[in-house]
Amino acid sequence: MSPANTKNLYANGQEPARYGFGTLAIHAGAEPDPHTGAVIPPLSLSTTFKQRAVGDFVYEYSRSDNPNRAHLETAIAALEHAKHGFAFASGSATTATVLNTLQPGSHVISVNDVYGGTHRYLNKVAGSLGVETTFVDLADAENLRDAVRENTKMVWIETPTNPTLRLVDIVAVSAIAHEAGLYVVVDNTFLSPYFQNPLDLGADLVVHSATKYINGHSDVVMGVAATNDDALASKIRFLQNAIGAVPSPFDCYQAHRGIKTLHLRMRQHAENAQRVAEFLEQSPYVDSVVYPGLQSHPQHELAKRQMRGFGGMLSFRIKGDTNTADRFLQRTALITLAESLGGVESLAELPARMTHAGLSPEERNELGITDNLIRLSVGVEDGDDLLADIAQALASAVADN
Ligand SMILES: *Cc1c(COP(=O)(O)O)cnc(C)c1O
C-alpha cells in the first residue's frame, strides 16, 4: 500500500522510476534556471520568443509551448510514469481535446456515473463532432463486452466516482478493451498520481482536473493528461495547439508549485479521511458512510489492490432529510459549504442540490445520490479539529429533525 511499493504495480514492463514519488514531485521539470542560477525557474510571461535565425528557436509562441508549461508537463509525465504530459485550461478542456482525437462516426463507452461535466460533453457536445456515447455500469468489467460496437474507439472511466465512490477495475477493463482495440482513458482526479497510476494498470491515457488535488490550493482551474502512446500523444499535442485551450504561464507556475507538496498533502488527506469515515460510521446521527478505506465499502478489496491509499473524498448519509443535511452544512464552523474538492481546506456539499442537481431524480436515485447524501472533501487541517467540528454540527443538525 505504500508508495514504496510503486514498482510492484509496473504491469506494462516499463522501467521503474529511478526516484520515489516525493523526489520526482519536487525535482521533475524543476531544474535551476541555466541563465541566472535561480533555484526556482522564473515565471515567463512572454507570448513570443526571439528566433536566432528563421525557424531556429527553443520556444516559438506561447500557445504552442512555453517554459512554465513545459516544466509542469514534465512533472506530470514523471508522476504518472508517462513519456508525454500535457496541460490544458481546465479539466473540461482536457476532456474536449481528448475527444477531438476521435474521427466523426466514432463510438465511446463511458462509465455511467462519470463526472457531470464529462457526461454533459459526451451527451450534448460530442454529438456535433459525430461522436456517439453509450453509458454503461462498469462495476462488472464484463459489461463492457456487450456495449462494444464495430465503431467503438474509446472507453472512458473514472475511479473512484463522484460522489458515491464506486470503483472500476482498471486492469480488467483495459484487458477487455484492448482485445477489442479500444483506447482506455482514466480520469484520475479523485486519487491523484500519488495513490493511483492508471497507465501502470493498463490504461492508455490518464487525465486530471488539476483544479483539484494536483494544484491543491483552490486557486487554479486547470487540466492535465499523460500517455506513453506516441501516436495518441502527437494527436493531442497537435490539438492542444490547434484548439488552444491552454493554461496561462502563471497558472502553470502555481500548479507546479502545488505539485511539490502533493505527496505530503495526499498522505494527510487520506489519514484525516480515514479518521472522519470511521468516526461517522459509529455515529448515531449517520445512516451510512461511503469511503473506499472502510471494510464496509463493497469494493474494499479492489481498492486495496488497485490504489496505494484511499484518498481524501468521502460521502455519508445523515439521519434525516435534505433539511437536516442543509442544517449540517450551515453549522460546521471549520468545514466550508462549497463545490469543488482537493484543496488543503475541508469542503462539504450536498450533491443532490449542488454538483448533481443537473441529473433527474430517477438518475440520482439509480446512483444512490439521496437527498441526505453529503460529500466531504477532507482537507489537511488537524484531524482532531475536523472531528470536533463534524461532531457538533451533526448533533445540532439532527437534534432539530
Ligand atoms: C472537477 C472535475 C472535472 C472537471 O475539471 P474542471 O477543471 O472543473 O474543468 C473532471 N473530472 C472530475 C472527476 C472532476 O472532479
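Close amide H contacts of Thr133 (hydrogens built in the peptide plane, cut-off under 5 Å, sequence separation of 5 or more or a different chain): Val108.
With no solvent and one equal point scatterer placed on each C-alpha of the chain, evaluate the Debye formula and give log10 I(q)/I(0) for q = 0.06, 0.09, 0.10, 0.14 Å⁻¹, two decimals. After summing over all Cα pairs, the log10 values are -0.24, -0.53, -0.66, -1.26. In sequence order, segment 65-72 has phi-based couplings of 5, 7, x, 5, 5, 4, 4, 4 Hz under the Karplus curve 6.51 cos²θ - 1.76 cosθ + 1.60, θ = phi - 60°, and Gly or Pro positions carry x.
What value, in deg cm²/dmol to 500, does the helix sum -39500 (n - 2.57) over DSSP H runs of n ≥ 4 give at 222 nm once divided by the residues of the chain? Spell out each step's value before the answer.
On the way: 14 runs with 139 residues, N = 401.
Dividing the helical sum by the residues of the chain leaves -10000 deg cm²/dmol.
Only beta bridges with both residues in the chain are counted; by DSSP, about 55 percent of them are antiparallel. If only the Cβ of Lys and Arg carry +1 and only the Cβ of Asp and Glu carry -1, the dipole of segment 3-259 around its Cα centre is close to 580 debye. Simple spin-label estimate for Thr336 and Asn401 gives 3.1 nm between the two label positions (7 Å along the Cα-to-Cβ direction from each Cα). Think of the chain as a dipole: +1 on every Lys or Arg Cβ, -1 on every Asp or Glu Cβ, centred on the Cα centre; then among Val54, Leu329, Ala28, Val54 lies furthest on the positive end.
Compactness check for segment 196-270: Cα Rg over 2.2 N^0.38 Å is 1.21.
Give the shape of segment 119-185 as rounded, prolate or oblate, defined through the alpha-carbon gyration tensor: a ≥ b ≥ c are the square roots of its eigenvalues, a/c under 1.5 means rounded, and otherwise the shape is prolate if a/b is larger than b/c and oblate if not.
Numbers: a/c = 2.11, a/b = 1.14, b/c = 1.86.
It is oblate, given that a/c is not under 1.5 and a/b is not larger than b/c.
Build a GNM of the chain with springs between Cα atoms under 10 Å apart, and of Gly127, Gly293, Gly85 the one that fluctuates most is Gly127. A Gaussian network model of the chain, with springs between Cα atoms under 10 Å, assigns the largest mean-square fluctuation among Gly320, Gly181, Gly37 to Gly37. Taking the Cα atoms of segment 10-162, the ratio Rg/Rh between the radius of gyration and the Kirkwood radius comes to 1.06.
The charge dipole of segment 241-330, taken about its Cα centre with unit charges on the Cβ atoms of Lys, Arg (+1), Asp and Glu (-1) only, comes to about 380 debye. A protection proxy built from the mean count of other Cβ atoms within 10 Å ranks the segments 310-317, 62-69, 26-33, most packed first, as 310-317, 62-69, 26-33.
How much length would be gained if the chain were fully extended between Glu132 and Thr48, taking 0.36 nm per residue of separation minus their Cα-Cα distance, in nm to one decimal?
Details: separation 84, 0.36 × 84 = 30.24 nm, distance 3.88 nm.
Extending this stretch completely gives an extra 26.4 nm.
Using the Karplus relation 6.51 cos²θ - 1.76 cosθ + 1.60 with θ = phi - 60°, the per-residue 3J(HN,Hα) values for segment 18-34 come to 6, 10, x, 4, x, 5, 5, 4, 7, 9, 5, x, 10, 5, x, 5, x Hz, with x marking Gly and Pro. If you run the Gaussian network model on the chain, springs between alpha carbon atoms under 10 Å, then out of Leu376, Leu359, Leu294 the most flexible one is Leu359.
For segment 226-231, backbone phi angles converted through the Karplus equation (6.51, -1.76, 1.60; θ = phi - 60°) give residue-by-residue couplings of 8, 7, 9, 8, 4, 5 Hz, Gly and Pro being listed as x. Taken over segment 262-399, the percentage of Cα pairs per 5 Å bin, counting from 0 up to the bin with the maximum distance, is 2, 11, 20, 24, 22, 15, 6, 1, 0.
Exposure proxy shown here: for Asp326, Asp200, Asp187, Asp140, the number of other Cβ atoms within 10 Å sets the order, fewest to most, as Asp140, Asp326, Asp200, Asp187. Of the cross-linked pairs Lys50/Lys124; Lys235/Lys304; Lys124/Lys235; Lys50/Lys212, those separated by over 32 Å at the C-alpha level are Lys50/Lys124; Lys235/Lys304; Lys50/Lys212. Near Phe88, the amide H atoms lying under 5 Å from its own belong to Gly223, Val224; only residues 5 or more places off or on other chains count, and H is placed 1.01 Å from N.
Determine the shape class of segment 328-401: with a ≥ b ≥ c the square roots of the Cα gyration tensor eigenvalues, call it rounded for a/c under 1.5, and otherwise prolate if a/b is greater than b/c, oblate otherwise. Judged from the Cα gyration tensor, segment 328-401 comes out oblate (a/c at least 1.5, b/c at or above a/b).
Only the coordinates and a few stated rules stand behind these numbers; no lab work does. Everything numeric in this text was worked out from a predicted model, so none of it was measured. No Cβ is skipped: glycine too gets one built from the backbone with ideal geometry, and neighbour counts run over all protein chains shown.
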